[in-house]
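The values are calculated or read from the model by the stated rules, or taken from the named source; none is laboratory data. Values in this document were obtained by computation on a predicted structure and should not be read as measured data. Note that each Cβ is placed from the backbone with ideal geometry, even for glycine, and that neighbours are counted across all protein chains shown. The accessibility values were calculated without ligands, DNA or RNA, using every heavy atom of the protein model including side chains. Shrake-Rupley method; radii C 1.70, N 1.55, O 1.52, S 1.80 Å.
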Amino acid sequence: MSKTMLSQSDFQAIRRWMYRCARPVELALWQFHFEGGPREAVLAALSAFQNPDGGIGHALEADCWNTASAPIQTGDAILLLDGIGFGDPRHPLAQGICRWIAGGSCREGGYWQNTIPSNDQFPRAPWWSYAPGENPYNPTALMLGFLLQYGGAEERASAKPLAAKLLQRMAETPVDEPHSAACCFYLLKSVERAGLTAELSGKAALAALCKAANALLERDTAKWSGYSCKPSQFINSPAHPLYAGNETLVEAELDWAVGSRSADGVWDIPWGWGAFPEEFAVSRIWWQGRMAVERACLLKNFGRIAQ
């Protein structure tokens, strides 16, 4: 069966949109992934969102315009660093993030808050309004995974018992939300990269997580144009542990991605804020830039961009 390919003319249309409209951070990501751009340019662009305390704010996660350091914003930076193969614990960006995480800001018990009170002082999507309550995985799994990979000896030591507790919880209680599941995959990968599989066995957690994530996937392709859990929520390359058994669904999403670009040449977002209309109009463009990078990388990783 022939595969739907993103043509070079369509790829170039996306590129032109990125150069016209994207934020510096997304443009640096585009250049890194598709034009041989330097990793350091991405790090410099990300550093613009870093506060003196080491945490990340300033609407890196474009649905929340809070300037203060926040777990969700910092978690977004962590995932972007992971996506570019970052691995330098000595870099000031990494050291600052580790310092902020280890400092315990925005933490209650063993968990970092999903929303923080100062969000309410800024334009935002309604889901980022402050709502007290425990979210055990998002973004706590990202915080712990980053400390395990990049923290100093004391920071790693403090993160290990919390990570062990989270892995046990993952094994015993199914993860029931897509973003949380993505965070958990990052934690498991971090344990392996940090060489801690003997101390922090994640075998049972990985098996439970794959089962839970499989159940979260939206298999009705007719619903993909709305806000839904498509395979790429987790599976960004054939190397992902969830790919086996979902090959057909992944191929269907790749076909869908090629054919679902907007008249602007990129992909639109399937959500809105319902408030702050002027700020949302800006946020929408920021998200289009992020989505363009993510979807183009997905197509690239599965050989769907024509040469």
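How large is ³J(HN,Hα) for each residue in region 112-124, as worked out from phi by the Karplus curve 6.51 cos²θ - 1.76 cosθ + 1.60 (θ = phi - 60°), to whole Hz, x for Gly and Pro?
8, 5, 6, 10, 10, x, 5, 3, 5, 8, 9, x, 6
Given R₀ = 35 Å, what would the calculated FRET efficiency be for Glu247 paired with Ala41, taking r from the Cβ atoms and rounding to 0.05?
Calculated transfer efficiency: 0.50.
Return the subset of Lys3/Lys300; Lys189/Lys230; Lys160/Lys203; Lys160/Lys189 for which the Cα-Cα distance in this structure is over 18 Å, preserving the input order.
Correct reply: Lys189/Lys230.
What is the Å³ per residue value for the convex hull set by the Cα atoms of region 200-264?
110
Could you check the spin-label model distance between Ser201 and Ala275? Points 7 Å from the Cα along Cα→Cβ, value in nm.
4.8
In nm, give the distance between the simple-model label positions of Ala263 and Gln121, each being 7 Å from the Cα along the Cα-to-Cβ direction.
Label at Ala263, label at Gln121, 4.1 nm between them.
Roughly to the nearest percent, how much of the accessible area of the chain is carbon and sulfur, given a 1.4 Å probe?
54
In the chain, with Lys and Arg counted as +1 and Asp and Glu as -1 at Cβ, which of these residues, Gly245, Ala171, Pro92, has the Cα nearest the positive end of the dipole, that is, farthest along it?
With unit charges placed on the Cβ atoms, the residue in question is Gly245.
Any idea what diffusion coefficient region 144-277 gets from Stokes-Einstein, in µm²/s, Kirkwood Rh on alpha carbon pairs, 37 °C, 0.692 mPa s?
The diffusion coefficient I find is 197 µm²/s.
Between Ser7 and Ala131, what is the FRET efficiency for a Förster distance of 41 Å, r being their Cβ-Cβ separation, to the nearest 0.05?
After rounding, the FRET efficiency stands at 0.40.
Two-decimal Rg/Rh of the chain from alpha-carbon positions, Kirkwood Rh?
With Rh from the inverse mean 1/r over Cα pairs, Rg/Rh is 0.94.
Which far-off residues, 5 or more places away or on another chain, put their amide H under 5 Å from the one on Ile305, with H placed in the peptide plane?
Here the answer is Leu6, since their amide H atoms fall under 5 Å of that of Ile305.
List, in order, the whole-Hz ³J(HN,Hα) value for each residue of region 289-301 obtained from phi through the Karplus relation with A = 6.51, B = -1.76, C = 1.60 and θ = phi - 60°; use x for Gly and Pro.
x, 5, 5, 4, 5, 5, 6, 5, 5, 4, 5, 4, 5
For region 272-287 and region 199-250, what is the separation of their Cα centres, given in Å?
29
Go ahead and estimate [θ] at 222 nm for the chain from helices alone: -39,500 (n - 2.57) per DSSP H run with n ≥ 4, summed, over the residue count, rounded to 500.
Rounded to the nearest 500, it is -16500 deg cm²/dmol.
At 1.4 Å probe size, with every protein chain present, just tell me what the per residue accessible area of the chain comes to in Å².
For the chain, the solvent-accessible area averages 44 Å² per residue.
Got the relative contact order for the chain handy, in percent, Cα pairs under 8 Å and 6 or more residues apart?
That works out to 21 percent.
Is there a quick way to get the dipole size of the chain? I mean about its Cα centre, with the Cβ of Lys and Arg at +1 and of Asp and Glu at -1; what is the value in debye to the nearest 20?
The calculation lands at about 520 debye.
If you take the beta carbon distance between Trp256 and Tyr19 as r and set R0 to 25 Å, what does 1/(1 + (r/R0)^6) give as a FRET efficiency, to the nearest 0.05?
0.45
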